[in-house]
Amino acid sequence: MKEPPVNATEKPAINAATTLDDPRWAAVAARDASADGSFFYAVKTTGVYCRPSCASRLARLEHVSFFDSCDAAEAAGFRPCRRCKPDQMSLAALHAAKVTEACRMIEQSVHLPTLAELAQLAGLSHYHFHRLFKQITGLTPRQYAQAHRTRRVHDALTQSESVTAAVYQAGFNASSRFYEKSDAVLGMTPSAYRAGGIGTAIRFAIGQCSLGAILVAQSPRGICAILLGDDPEELLRDLQDRFPRAEFIGGDANYEKVVATVVGFVEAPGIGLDLPLDIRGTAFQQRVWEALRTIPAGATATYTEIARRIGAPDAVRAVAGACAANPLAVAIPCHRVVRLDGSLSGYRWGIARKCALLEREAEQ
Ligand SMILES: [Zn+2]
C-alpha cells in the first residue's frame, strides 16, 4: 500500500496520488531514456516541460502533470526545458535519422560516397560516423552499398528485358568507375591517356545463368571475357583489373544477342561457341589456353598432360597458373583440367561450378 504524501494539501494530494500510481512517474523517477518520445512531463512550479530522461532535479510529484506531445504541453502554458530540449530530437533519434539519411544517400548514388562525404553529411567525425553506422545497421557503409547494389541488380533483371539496362539501372557505371580510379592509377586523366593512342573500347553486360552471375565482354576483335561468380560487382572489378586501360561501354540491342549466344553456350558447351574470341595473355598462357581448347566436351585432361602437350613437361605449376588466369570461362575450358588422381582441384570460378559443368558435359 502506498502512503499519501505527508505534507500535501488536499487538492495536490489527489494529483500526487494519481501521479504516484501512473507508470509514467516511475519512468520519470528512473530517468528512463527508453520512455523518451512516448510522453512528456511538466512541472507546475517551474513552468517547463521535460522528456522523461531529463537529468534535472526530480520535481515533487504533486507538481507534475503528463502530456502526450510537446504541443499539448505548450498549449497548457509550459515551455520546453533548456536542459533536455524536449522539443528537439533525442540523441538516439537524431543518430538514427542521420544514419537513415546516409543510407538514402548511398542508395541514390551511382558511386559509393566516400566516408568523408557521408560523415560530413551527418555532421560527425569519420570515426564516430563509421562506428554509429555499423552500430545501427550492422554493416559498414561499404558493405551496405554492396548489399544494396546486388539486390538492385537482381530486382532489375527480373523486370528488365535488357541486361545492360539492368546493370546501368543498378548504378554499375563501369566507365565512370574506371574514371574515378584512373587518376591515381595513370597519373593523368583517361582522355589524356587515350590521346596517346592507348585504350580499347569494350562492351559488356552482366546477366544470370544457371551457374550464377555471368559477365560477357567484347572488344572490337571478339569476346574478350566470360566471367562467372556470385557478385555482379566483383565480376566488374575483375573485368576492370584485366583491362585497366579499356573504356567500358554499355551494350546495345545487338550486343544483347551476343550475350544471349554466350549464355546459351555456357548452358550447353557441347554446341560450341560460334563467335570470334579475343584471347589476350602471355605467350605461355596462350599456348596453354590453345591446348585446353582441344579438349572436347565430356572429356578431361590432367595438368601434366597439358604441360606435355605444349612441350613444357616440367611446367605443371605454370599450367595450373595459366588455367587460373583464364579470362574466358567455358570458352577456354579450363574446367576440363583435373588432377592426376582425377580429383577436381581448384577452379577460378569456384569448384561447385566446375563440378556442375563437368556433370552437364558428361550427360551430353
Ligand atoms: Zn528537462
Practice prompt. Looking at (1) under 34 Å from the mean Cα position of the chain (by Cα); (2) over 24 Å from GLY321 (Cβ atoms); (3) outside any helix (DSSP H, G or I), find the lone condition where ARG280 falls short.
Written response: (2)
Worksheet, complete the sentence: For the stretch 317-359 the number of residues that are over 32 Å from the mean Cα position of the chain (by Cα) and modelled with pLDDT under 85 is 5
Item to complete: Among the residues of the stretch 42-90, count how many are surrounded by 12 or more Cβ atoms within 10 Å (Cβ to Cβ) and part of a helix (DSSP H, G or I).
Response: 7
Response to the item:
Taking the stretch 45-65 and keeping residues touching a strand residue (DSSP E or B) at 6+ places or on another chain (Cβ under 7 Å) and more than 9 Å from the ligand (Cβ to nearest atom) leaves GLY47, PRO52, ALA59, HIS63, VAL64, SER65
Item to complete: Name every residue in the stretch 341-360 that is in contact with a helix residue (DSSP H, G or I) (Cβ under 8 Å, 6 or more places away or on another chain) and among the charged types (D, E, K, R), in order of residue number.
Response: ARG348, ARG353, LYS354, ARG360
Worksheet, complete the sentence: Reported set for the stretch 259-277 where residues are under 18 Å from GLU361 (Cβ atoms) and either of a type in the set (S, T, N, Q) or outside any loop (DSSP other than H, G, I, E, B) (or both) is VAL262, VAL263, GLY264, PHE265, VAL266, GLU267, PRO269, GLY270, ILE271
Discussion item. As an exercise: evaluate ALA260 against (1) without any contact (Cβ under 8 Å) to a residue 12 or more places away in the chain; (2) in contact with a helix residue (DSSP H, G or I) (Cβ under 8 Å, 6 or more places away or on another chain); (3) surrounded by 13 or more Cβ atoms within 10 Å (Cβ to Cβ) and give the number of the one condition it does not meet.
Written reply: (2)
Discussion item. Of all residues being within 16 Å of the ligand (Cβ to nearest atom) and among the hydroxyl-bearing types (Ser, Thr, Tyr) in the stretch 66-115, which is farthest from PHE133 (Cα to Cα)? Just the residue, please.
Written reply: SER69
Worksheet item: So THR302 fits all but one of (1) closer than 25 Å to ASP238 by Cβ; (2) polar (S, T, N, Q); (3) more than 35 Å from the chain's Cα centre (by Cα); what number is the exception?
Response: (1)
Worksheet item: What are the pairs, 6+ residues apart or on separate chains, where a residue within the stretch 125-138 that is over 15 Å from ALA97 (Cα atoms) has its Cβ under 7 Å from a residue that is crowded, with 16+ Cβ neighbours inside 10 Å?
Response: SER125/ALA119; HIS126/LEU115; HIS126/ALA119
Practice prompt. Only residues in the stretch 43-56 that are under 17 Å from ALA29 (Cβ atoms) count as the first member; pair them with residues that are assigned to a strand (DSSP E or B) and near the ligand (Cβ under 7 Å from one of its atoms), Cβ under 7 angstrom, at least 6 apart or cross-chain, and list the lot.
Written response: SER56/CYS50
Item to complete: Looking at (1) within 12 Å of VAL48 (Cα to Cα); (2) touching an Asp or Glu at 6+ places or on another chain (Cβ under 9 Å), find the lone condition where GLY77 falls short.
Response: (2)
Worksheet item: Does any residue of the stretch 232-241 turn out to be surrounded by 18 or more Cβ atoms within 10 Å (Cβ to Cβ) and more than 27 Å from the chain's Cα centre (by Cα)?
Response: no
Worksheet entry | Matching helices (runs of 4 or more DSSP H) fully within the stretch 290-364 where at least 3 residues are among the acidic types (Asp, Glu) | 351-363
Discussion item. Step by step: first the residues of the stretch 107-150, then only those that are modelled with pLDDT under 75 and assigned to a helix (DSSP H, G or I), then the one that is surrounded by the fewest Cβ atoms within 10 Å (Cβ to Cβ). Which residue is that?
Written reply: ALA147
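The values are calculated or read from the model by the stated rules, or taken from the named source; none is laboratory data. All values derive from a computational prediction rather than experimental measurement. Neighbour counts are summed over all protein chains in view; Cβ atoms, including those assigned to glycine, are modelled from backbone coordinates with ideal geometry.
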